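A short worksheet on the structure shown next.
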Amino acid sequence: MNTHNPKINPSTTMDAVTLRVGDLENMSTYYASILSLEPIEERARGRQVHRVLGRNGVPLLRLIGTPDLPPVRQNQAGLYHTAFLFESQESLAATVYRTAQDPRSSFAGSSDHLVSEAFYFTDPEGNGIELYVDRPRESWVYGPQGNVDMTTVHLDPNVYLSQHLQESVLESTDVLPASIGHVHLQVGSVEQAREFYVDRLGFDLTNAFPGALFASAGGYHHHVAMNTWNSGGAGPRAATLGLADVAVTVPLRSDLDALVDRLRGWEFADNGTSVTTADPWGTQLSISLPETSAEELLER
């Protein structure tokens, strides 16, 4: 492993998440309803249909219609939730309201994490969703080892909506910025997850709780999280619906070169603009250069 480049670039960000879905049209209209996502591009591959959805032309989700696969199993490795990040409390409140109004949503809770305010839902096929806004970064508290102080405090959704929901914002969610802030995964072992996501991929460890690990680039509270709360001891993933790819963006080709060095001895593919690999449980990760097009997403 290349010890001269042990860490991922601090400007690393997350990109569009890919889900395998059983009912492509229902899932497309669901994410259009809650997040104002629109189809950008799609392609058929045999019996599968790959569809990229985005907001303001920016891809946020790729859905792969694979109706022959069994549903998500809650105790297997894979997705805990995809976290969609908004730029203001008003934008978050509008999205939470839209999501709660859709009868296909299942509300799973809400929390103040000190670094962020978050609301949790489950989509129609059992995939977790987090909708959140960050608190000002200058208010975050860092420990001596670089860990970020996070906890879980009750956040009343009705009070939050009464304070921040605005009709004008509710009517313009389609043009407001949104991005993938982080992805939270289910894994079989926290220690193995640390070895892969921190030691190999190069993320910095930012916090750890019983059965969970948080890591990031550039001092963010977390870009990736891994837990064993439902999946402790899980082995390699079976072929099911649910998470198909976690996308990470790095600024420079030299960042991919450093990643390739760290992945020596681990299976990966490098096409020049993207390095694709999988974690110990078979969850695929694509680490790519900026401005991945919808067409490039469809090729993964």
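The values are calculated or read from the model by the stated rules, or taken from the named source; none is laboratory data. Predicted model only: the values in this text are computed from it and were never measured. Counting neighbours? That spans all protein chains shown, and the Cβs are built from the backbone with ideal geometry, glycine included. Accessible surface areas use protein heavy atoms only, side chains included; no ligands, DNA or RNA. Shrake-Rupley method; radii C 1.70, N 1.55, O 1.52, S 1.80 Å.
Put simply, when 155-163, 59-67 are sorted by average Cβ atoms within 10 angstrom per residue, most first, you get 59-67, 155-163. Each label point was placed 7 Å from the Cα along the Cα-to-Cβ direction; for residue 270 and residue 47 their separation is 3.7 nm.
Ignoring any ligand, DNA or RNA, what whole percent of the accessible area of region 1-136 comes from carbon and sulfur when the probe is 1.4 angstrom? The computed percentage sits at 50. Evaluate the Debye formula for region 29-101 with equal point scatterers sitting on the alpha carbons, no solvent, and hand back log10 of I(q)/I(0) at q = 0.15, 0.17 Å⁻¹, in q order, two decimals. Log-scaled intensity ratios, in q order: -0.67, -0.83.
For the pair residue 101 and residue 56, a Förster radius of 22 Å applied to the C-beta separation gives a FRET efficiency near 0.50, rounded to the nearest 0.05. With only the Cα atoms considered, the chain has a convex hull volume of 127 Å³ per residue. In angstrom, the C-alpha Rg and Dmax of region 223-300 are 13.7, 37.
With all protein chains kept in place, the per residue accessible area of the chain amounts to 43 square angstrom at a probe of 1.4 angstrom.
Rounded to a whole number of µm²/s, how large is the Stokes-Einstein D of region 183-246 at 20 °C and 1.002 mPa s, given Rh as the Kirkwood radius over C-alpha pairs? Once the numbers are plugged in, D ends up at 177 µm²/s. Within the accessible area of region 185-300, the carbon and sulfur atoms contribute 50%, probe 1.4 Å, all protein chains present.
A simple spin-label model places the labels of residue 295 and residue 23 3.4 nm from each other, with each point 7 Å out along Cα-to-Cβ.
Each label was represented as a point 7 Å from its Cα along the Cα-to-Cβ direction; for residue 166 and residue 253 these points are 4.5 nm apart.
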